[in-house]
Amino acid sequence: MSDNIIKIKGVKKYFGGVKALDGVDLEIKKGEIHCLAGENGCGKSTIINVISGFYTPDAGTIEIDGKTYTKLTTQQAIDEGIQVIYQDLSVFPNLTVRENLAINMEVANGKKFVSRKRYNEIALQALSKIDFKVDLDENVENLTVADKQLVAISRALLNNAKLIIMDEPTTAITQKEVKNLFKVIRDLQKQGIAVLFVSHKLDEVFEIAQQFTIFRSGKNVFSGPTSELDEKKFVYYMTGREINAEPFVYEEKAGAKTVLEVRHLTLTNGFADCSFSLKEGEILGITGLLGSGRTELAETVFGRHQPDSGEIYIDGEKVTFHSVQDAIDKGVGYVPAERNIQSLFMDQSIANNISITRWRDHAGRFGFMKEKSVEDSVNHWVRELSIKVGNIEDTMRTLSGGNAQKCVLAKWLSLDLKILILNGPTVGVDIGAKYDIYKLTKKLAAEGLAVIIISDDIREILSNCNRVLVMRQGRLVEERQTAGLDEASLSALAIEY
Ligand SMILES: Nc1ncnc2c1ncn2[C@@H]1O[C@H](COP(=O)(O)OP(=O)(O)OP(=O)(O)O)[C@@H](O)[C@H]1O
Ligand SMILES: [Mg+2]
């Protein structure tokens, strides 16, 4: 008996000219928590799709529990105990928790008639595997992302899972929920189940993983135990370069204008009595737990919601935004946290997605797009943010998750803005790109842009902002200069009560 649950050798997968996987190896032992890391577009999701039988590899072998395959069907993968928790979680939103848990199993068993008793048994059995308490009659659409995830995990366990694969499971859940997810993962491990975990968050991967495999451009660059890595080595393996983050030094210029002032702003069920101001060249952080009202506040400044009371001033002039377009016209840009869903046209070209907010600037005299100008601008941002694209005319769908994120940033950065609000600017983005985004943000601030960064990544706030506001239950409760503030004190401010 092999002590590997899976052993992948020399797997290749090409998409046209793109070598997504160029002969990779990956070995996961039974009951091991294994982290798969690498820059955006290095092939992580592709190898997962190969393991789950979704993609047929162009070369190489997959050995599962001693059996060797050159290709795998999705059913074979399931039969071998491989389960993937995708980011969309593949749950049925309009069905109850009970139905979601039981349905696959009953369909697989060829049952046509629904027995409530049987459904109940299956559902309870599923939940007991991870000690998850939830109302079985609740519609899944009413659950938090974290609970939906736990439904998906319990359901996966019904199929005698031996390997559970999670592709960036922590991007949309709170820190507390991450802690709970990690407890569940460790429990799975105690039951002998292996977990393959993909995440771009450094502190997380070091906390949870025992073994690492790092890819760069579809090839292996490292595999070994966590003890052989530290942050510096990890970043080096991933990016192939040394990265030194420069802290943000803000020196207020004489006569710096206040570009944004928010006075007593209130949105029912969102936030109440929020006041703050922002000068050109500043990078202001807003932190607080998910659900603290930080996103609603940003969206209101961006014209997506109309406040119930309070005022917004831009360059000293009172503004009333009836729409997002009004805000854009006044020079406000907003990069949302759920970037894939909200702001991209997946079936349109990369070039169109990046240039869409700017079409008026590109429009020629007769309203035609000036092709050269679009192309130049798109290429400029592709370079500036190191977006990994085959061809800018390919559809958005061909991009990896992180590279799609960067396109949204590019789209906003290419506008001529006064105020740029970044909500979770580096969620899902790899380490190298993260530093590129930080560097670019600082450069734009130095040129006079006023920036707001909303984030629960305390380190991100401290190293990029000169000032930080803490939001709790819809209210701005603290305001601090970041100079001299340490991580522990700032997290304490954010999570109190
Ligand atoms: N269906 C597809 N068609 C064309 N190219 C694709 C397709 N799927 C992936 N690619 C390309 O293959 C490469 C690897 O993509 P993959 O999604 O595996 O990256 P990833 O490591 O998961 O990145 P991220 O961290 O950004 O999610 C990328 O260059 C991507 O553009
Ligand atoms: Mg991916």
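The values are calculated or read from the model by the stated rules, or taken from the named source; none is laboratory data. Remember, predicted model here, so these are calculated numbers, not experimental data. All Cβ positions, glycine included, derive from the backbone under ideal geometry; neighbour counts span all protein chains shown.
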Within region 141-156, does at least one residue satisfy the condition of being assigned by TED's automatic domain parsing to the domain that holds residue 101, within 16 Å of ligand 1 (Cβ to nearest atom) and under 18 Å from the mean Cα position of the chain (by Cα)?
no
Looking at (1) over 17 Å from residue 11 (Cα atoms); (2) within 16 Å of ligand 2 (Cβ to nearest atom); (3) in a strand (DSSP E or B); (4) not β-branched (Val, Ile, Thr), find the lone condition where residue 83 falls short.
(2)
Say whether the condition of being farther than 24 Å from residue 102 by Cβ and modelled with pLDDT of 90 or more is met by at least one residue in region 157-174.
yes
Taking the conditions exactly as written (surrounded by fewer than 18 Cβ atoms within 10 Å (Cβ to Cβ), among the polar types (S, T, N, Q) and at pLDDT 85 or above), does residue 139 satisfy them or not?
yes
Single match in 414, 400 (criterion: over 18 Å from residue 337 (Cα atoms) and of a type in the set (S, T, N, Q))
414
Looking only at residues that are assigned to a loop (DSSP other than H, G, I, E, B) and free of Cβ contacts under 8 Å to residues at least 60 places away in the same chain in region 57-75, which one is nearest to the chain's Cα centre (by Cα)?
57
Just to be sure before I move on: is residue 99 exposed (fewer than 14 other Cβ atoms within 10 Å of the Cβ) and assigned to a helix (DSSP H, G or I) in the structure I sent?
no
In the set 378, 389, 332, which member is within 16 Å of ligand 2 (Cβ to nearest atom) and either at pLDDT below 90 or aliphatic (A, V, I, L, M) (or both)?
389
Identify the residue in region 1-44 that is closer than 16 Å to residue 219 by Cβ and not in a strand (DSSP E or B) and, among all such residues, is farthest from ligand 1 (Cβ to nearest atom).
39
Just to verify a result, which residue in region 198-222, among those that are more than 18 Å from the chain's Cα centre (by Cα) and among the basic types (Lys, Arg), is farthest from ligand 2 (Cβ to nearest atom)?
219
Is there any pair with a first residue in region 275-296 that is part of a loop (DSSP other than H, G, I, E, B) and a second that is hydroxyl-bearing (Ser, Thr, Tyr) whose Cβ atoms are under 7 Å apart and which are 6 or more apart or on different chains, and what are they?
281/250; 282/250; 289/174; 290/174
Just to check your reading of the model, which residue among 494, 410, 488 is touching an Asp or Glu at 6+ places or on another chain (Cβ under 8 Å) and farther than 23 Å from residue 383 by Cβ?
494
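With assigned to a loop (DSSP other than H, G, I, E, B), of a type in the set (A, V, I, L, M, F, W, C), touching a residue at least 40 places away in the same chain (Cβ under 8 Å) and within 16 Å of ligand 1 (Cβ to nearest atom) as the only criterion, which of 427, 408, 389 stands out?
Checking each option against the conditions leaves just 427.
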Is it the case that region 177-197 has a residue that's buried (at least 16 other Cβ atoms within 10 Å of the Cβ), under 23 Å from the mean Cα position of the chain (by Cα) and in a loop (DSSP other than H, G, I, E, B)?
no
Within region 435-455, is there a residue that is in a strand (DSSP E or B), surrounded by fewer than 16 Cβ atoms within 10 Å (Cβ to Cβ) and modelled with pLDDT of 90 or more?
no
If residue 78 meets every condition in (1) within 16 Å of ligand 1 (Cβ to nearest atom); (2) in contact (Cβ under 8 Å) with a residue 40 or more places away in the chain; (3) not in a strand (DSSP E or B) apart from one, which number is that one?
(1)
Just to verify a result, which residue in region 304-346, among those that are aromatic (Phe, Trp, Tyr) and touching a Leu at 6+ places or on another chain (Cβ under 9 Å), is nearest to residue 400 (Cα to Cα)?
334
Against the definition (touching a strand residue (DSSP E or B) at 6+ places or on another chain (Cβ under 6 Å) and either closer than 26 Å to residue 45 by Cα or surrounded by 15 or more Cβ atoms within 10 Å (Cβ to Cβ) (or both)), how does residue 122 come out, yes or no?
no
Condition check: touching an Asp or Glu at 6+ places or on another chain (Cβ under 6 Å) and crowded, with 22+ Cβ neighbours inside 10 Å. Does residue 259 satisfy that?
yes
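Please indicate, with yes or no, whether at least one residue in region 423-432 is assigned by TED's automatic domain parsing to the domain that holds residue 285, farther than 30 Å from residue 232 by Cα and surrounded by fewer than 24 Cβ atoms within 10 Å (Cβ to Cβ).
no
If you check residue 28 against the conditions, is it under 22 Å from residue 430 (Cβ atoms) and more than 16 Å from ligand 2 (Cβ to nearest atom)?
Yes.
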In region 392-405, residue surrounded by the most Cβ atoms within 10 Å (Cβ to Cβ) [restricted to those that are within 10 Å of ligand 1 (Cβ to nearest atom) and in a loop (DSSP other than H, G, I, E, B)]:
399
